[in-house]
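Report on one structure; see the data block that follows.
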Amino acid sequence: MKKIIILSSILITLFSNLFATSAKYSDENFTLDFEYNDILIPGDAIFARMKITTPKSHKKLKTENERKAVLQLYNDKKVIESSPFYTISKKKNTTIIEMLSGLPISTWITEGNFSLKVVFNLGDDDKDKEFTLPITFQSREFNQEDIPLDQKNTEIRSDNSPQRAKQIEKLNNILFTSMPDDVYNLKAFTYPTESKRYTAYFGDRRKYIYSNGKSSTSLHYGNDFGIPEGSSVTSCAEGRVVMAENRITTGYSIVIEHLPGLYSLYYHLSEMKVQEGDYVKQGQLIGKSGSTGLATGPHLHWEIRLNGTAVRPEFFVRNFTFEEL
């Protein structure tokens with residue numbers, strides 16, 4: 001499907017295929033080629049990639065510290081998500097730069113009047129430019145699940161100790177950190193286990209039933225794979241290990257950074273084969289599955305966080321960065 005939109009003398013050409021929509025912005029200073037996924041689904045993400053090309057006769061683009069480019073998601077006139085673009089490719093002595101940005105979509109989002117806006121300043125003047133792109137909302141259903149807990153797991157779930165609070169704070173500080181230079185992986189993710197036997201899904205609405213008769217509700221932030229104790233767990237993508245430790249709730253836990261603000265998490269392991277600071281390749285063995293922490297049996301909990309928000313892991317098992325294959 002090809003569509004041409006004119007906004008304030010800006011010519012934007014849209015071309016949609018199965019995975020992405022392409023757009024082009026042009027003025028006298030540069031050309032911007034833009035790709036993004038235009039279906040807004042609760043629990044997924046919106047990623048946008050842009051290639052900036054300037055004429056050879058034109059002055060160089062602003063330095064990286066001076067450039068500004070932000071991806072924003074609007075519902076009516078309100079910004080509900082925003083994330084800066086970061087550089088993923090810059091060839092020396094050329095006038096081409098490629099940048100990427102990603103926005104997590106809440107599992108609680110409902111139908112509305114959504115649009116995507118790009119705000120940028122890449123030229124020599126101080127005036128920001130912007131254009132708005134259409135997106136389509138698509139609903140998703142999530143499972144409801146009741147989970148009875150024995151006394152051990154009730155105590156873990158109810159733990160209000162300073163130690164657990166400190167562990168939660170440490171993890172959140174990592175997951176809400178976005179380092180613009182930390183670009184390790186642009187490929188589609190792979191699954192961390194050969195098994196596809198799910199025992200729980202991302203976005204499940206959970207009700208924990210405690211051994212003392214009380215209960216609480218929560219959201220399940222990842223996928224659980226029912227695999228035997230000691231099964232191999234591999235990294236879903238290249239990256240840097242930013243956490244590898246034993247936590248009260250999640251047991252032996254590994255967190256890997258792949259892109260600025262994008263992390264994969266692996267919980268309830270019986271063994272860890274990496275340590276903080278290690279660089280890992282896609283498919284590299286990082287641990288063995290288990291049932292440490294709050295677990296009703298052996299399994300692997302696999303989770304993906306973008307800018308601190310959990311996103312459905314399957315979203316990333318495709319060419320989500322629009323990398324040329």
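The values are calculated or read from the model by the stated rules, or taken from the named source; none is laboratory data. Computed from a predicted structure; not experimentally measured. Neighbour counts run over all protein chains shown; Cβ positions are idealised from the backbone, glycine included. Only protein heavy atoms, including side chains, enter the accessible area calculation; ligands, DNA and RNA are left aside. Shrake-Rupley method; radii C 1.70, N 1.55, O 1.52, S 1.80 Å.
Restricting to strands (runs of 3 or more DSSP E) lying wholly in region 80-198: which have 1 or more residues that are in contact with a Phe, Trp or Tyr (Cβ under 7 Å, 6 or more places away or on another chain)?
Those strands (runs of 3 or more DSSP E) span 96-104, 114-121, 129-134, 144-148.
Give me a count of the residues in region 222-239 that are assigned to a strand (DSSP E or B) and either within 28 Å of P162 (Cα to Cα) or under 21 Å from the mean Cα position of the chain (by Cα) (or both).
7
For region 210-256, what are the residues that are modelled with pLDDT under 95 and hydrophobic (A, V, I, L, M, F, W, C)?
Matches in region 210-256: L219 only.
Residues are listed down the side, and each one gets a yes or a no for (1) surrounded by 15 or more Cβ atoms within 10 Å (Cβ to Cβ); (2) among the hydrophobic types (A, V, I, L, M, F, W, C); (3) within 21 Å of S231 (Cβ to Cβ):
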site	(1), (2), (3)
V274	yes, yes, yes
D278	yes, no, yes
S291	yes, no, yes
H301	yes, no, yes
L306	yes, yes, no
R312	yes, no, no
F322	yes, yes, no
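Among the residues in region 97-120, are any exposed (fewer than 12 other Cβ atoms within 10 Å of the Cβ) and within 30 Å of A295 (Cα to Cα)?
Yes, the conditions are met somewhere in region 97-120.
Condition test on A237, is it of a type in the set (A, V, I, L, M), more than 30 Å from L100 (Cα to Cα) and open to solvent by less than 20 Å² (accessible area, probe 1.4 Å)?
It is false that A237 is of a type in the set (A, V, I, L, M), more than 30 Å from L100 (Cα to Cα) and open to solvent by less than 20 Å² (accessible area, probe 1.4 Å).
Looking at the structure I just gave you, is K152 within 21 Å of G297 (Cβ to Cβ), open to solvent by 30 Å² or more (accessible area, probe 1.4 Å) and either among the small types (G, A, S) or free of Cβ contacts under 8 Å to residues at least 24 places away in the same chain (or both)?
Yes.
State the number of residues belonging to region 269-325 that are assigned to a loop (DSSP other than H, G, I, E, B), of a type in the set (D, E, K, R) and without any contact (Cβ under 8 Å) to a residue 60 or more places away in the chain.
Counting residues in region 269-325 that are assigned to a loop (DSSP other than H, G, I, E, B), of a type in the set (D, E, K, R) and without any contact (Cβ under 8 Å) to a residue 60 or more places away in the chain gives 5.
Quickly run through region 56-81 and pick out the residues that are under 18 Å from L186 (Cβ atoms) and at pLDDT 95 or above.
Residue satisfying the conditions is L71 alone.
If S264 meets every condition in (1) assigned to a strand (DSSP E or B); (2) within 30 Å of M179 (Cβ to Cβ); (3) among the small types (G, A, S); (4) open to solvent by 10 Å² or more (accessible area, probe 1.4 Å) apart from one, which number is that one?
Among (1) assigned to a strand (DSSP E or B); (2) within 30 Å of M179 (Cβ to Cβ); (3) among the small types (G, A, S); (4) open to solvent by 10 Å² or more (accessible area, probe 1.4 Å), S264 violates only (4).
Would you be able to tell me the number of residues in region 1-55 that are β-branched (V, I, T) and modelled with pLDDT of 50 or more?
8
Every residue, every condition in (1) exposed (fewer than 15 other Cβ atoms within 10 Å of the Cβ); (2) over 20 Å from the mean Cα position of the chain (by Cα), yes or no:
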residue: N160; (1), (2): yes, yes
residue: E169; (1), (2): yes, no
residue: L186; (1), (2): no, no
residue: T193; (1), (2): no, no
residue: R206; (1), (2): no, yes
residue: K214; (1), (2): yes, yes
residue: V241; (1), (2): no, no
residue: I254; (1), (2): no, no
residue: L259; (1), (2): no, no
